[in-house]
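To start, the structure itself, in structure tokens.
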């Protein structure tokens, strides 16, 4: 880390794809040794900008300066040669290889026959100059999420990167892990060894670690400034423009009787070698129960049990006191609805229209709503779709547009509109705002709170702890396939929840 951190400046960066302008005359400046945050809603141009910087895209116009000299970057190898590296939102490590093996094979000059004694000495010398380290001999698959993210950062530093682009670097980390990783990165910027540009949607992390912020909106520069001189409301206003940000509906009412119960429930996990076990899970009418946890700790299997996609080995699942196996007839009879993660792939028919997708739940329900041979006619289907499009503010060309042409947020609104229409007793949702921008996430969360206030029992499975703490009445932590902790949301401490999420007692 003897080389000084470089500066980076994008000047008048424009990127067009045919008639569509994804980036419009955007300029950004990151001084050497600074920690810069890049904010913006989905589609604001953040990813396009960093892909232009890293050589994945070639900007239509504009210039890039590294250390105050114009840089010609044709591909990511050119960027690497200039000391620019990128840490992606999802891990790019080989799980079956050790940390040492992942580091060595990442080099462009790795020999066909590796002298591991020499490489190991080289790695130890490298780590001796780092403010943090990871176990070199353990396979990556056995590392915690925080250790994997550290390894991703170490890999870039090992390759000689002195300017790091971090793309949502804490999306799979607990709060403690996130603070530790970003704290180490911040220390490297303070020492002058590293410059950082971080894409994030978490204001808390921006405020805690970033020096400056640049905000994009609809492909254009919406604002910039020193983080210390801006409030969260200032940054949100730059992201949203003149749109009304609003606030969540107030929490009203008190929980009623239990709607969903799991007792002694056991099921195989996805590997087939382990089990998930839910000893006691209860969701009452008029409450949101949040299930927090790091990805891969049994949440997917729990959702599959609740939706009838994974068979129980033992135990009981009941809805409104009756045995429940999540058949379509039972879901209709007990008024159970679902919103799985990534609904375009898991809860929609992409090649069908918005109207047809909005009718998937009850197109064959008959005149009396109990099922039968009478299907909804197309005219009635279109009228009903228009009502839901207006009510849920679904941005679409019209009911006959294919749902795959909608943005992620509008697909999410359409799926939620379908699931919340009519009389609902239980709503099970998984990561409802994953990948959504600020306004789309706000709209979805408002709808969930409104459903709760209307007496719906809501089970919210989410990897976003901030989302859980904002919406839930009670918080459950899932670790290694089991519920390991429960707390009232208004009394829960993020650090304590994070330790349980990581598998450690508080």
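The values are calculated or read from the model by the stated rules, or taken from the named source; none is laboratory data. Fair warning: this is a prediction, and the values are worked out from it, not measured in the lab. Here the Cβ positions follow ideal geometry from the backbone for every residue, glycine too, while neighbour counts run over all protein chains shown.
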Identify all residues within the range 284-313 that are out of contact with any helix residue (DSSP H, G or I) (no Cβ under 7 Å at 6 or more places or on another chain), part of a strand (DSSP E or B) and within 24 Å of residue 346 (Cα to Cα); write none if there are none. 289
Given the conditions (1) farther than 23 Å from residue 302 by Cα; (2) touching a helix residue (DSSP H, G or I) at 6+ places or on another chain (Cβ under 6 Å), which single one is not true for residue 450? (2)
Options 203, 209: the member that is at pLDDT below 90, in contact with a strand residue (DSSP E or B) (Cβ under 9 Å, 6 or more places away or on another chain) and surrounded by 18 or more Cβ atoms within 10 Å (Cβ to Cβ): 203
I'd like to check something: does the range 4-23 contain any residue that is part of a loop (DSSP other than H, G, I, E, B), farther than 30 Å from residue 410 by Cα and in contact with a helix residue (DSSP H, G or I) (Cβ under 6 Å, 6 or more places away or on another chain)? no
Please work out which residue is farthest from residue 86 (Cα to Cα), limiting yourself to the range 175-195 and to residues that are in contact with a strand residue (DSSP E or B) (Cβ under 9 Å, 6 or more places away or on another chain) and in contact (Cβ under 8 Å) with a residue 60 or more places away in the chain. 190
For the range 475-484, enumerate the residues that are surrounded by fewer than 20 Cβ atoms within 10 Å (Cβ to Cβ) and in contact with a helix residue (DSSP H, G or I) (Cβ under 9 Å, 6 or more places away or on another chain). 479, 484
Against the conditions (1) in contact with a helix residue (DSSP H, G or I) (Cβ under 9 Å, 6 or more places away or on another chain); (2) closer than 30 Å to residue 153 by Cβ; (3) at pLDDT 95 or above, where does residue 230 fall short? Just the number, please. (3)
Which fully enclosed helices (runs of 4 or more DSSP H) of the range 97-197 have 2 or more residues being under 28 Å from the mean Cα position of the chain (by Cα) and surrounded by 15 or more Cβ atoms within 10 Å (Cβ to Cβ)? 99-105, 145-158, 175-190
Would you confirm whether any residue within the range 212-223 is modelled with pLDDT of 85 or more, surrounded by 19 or more Cβ atoms within 10 Å (Cβ to Cβ) and on the phi > 0 side of the Ramachandran plot? yes
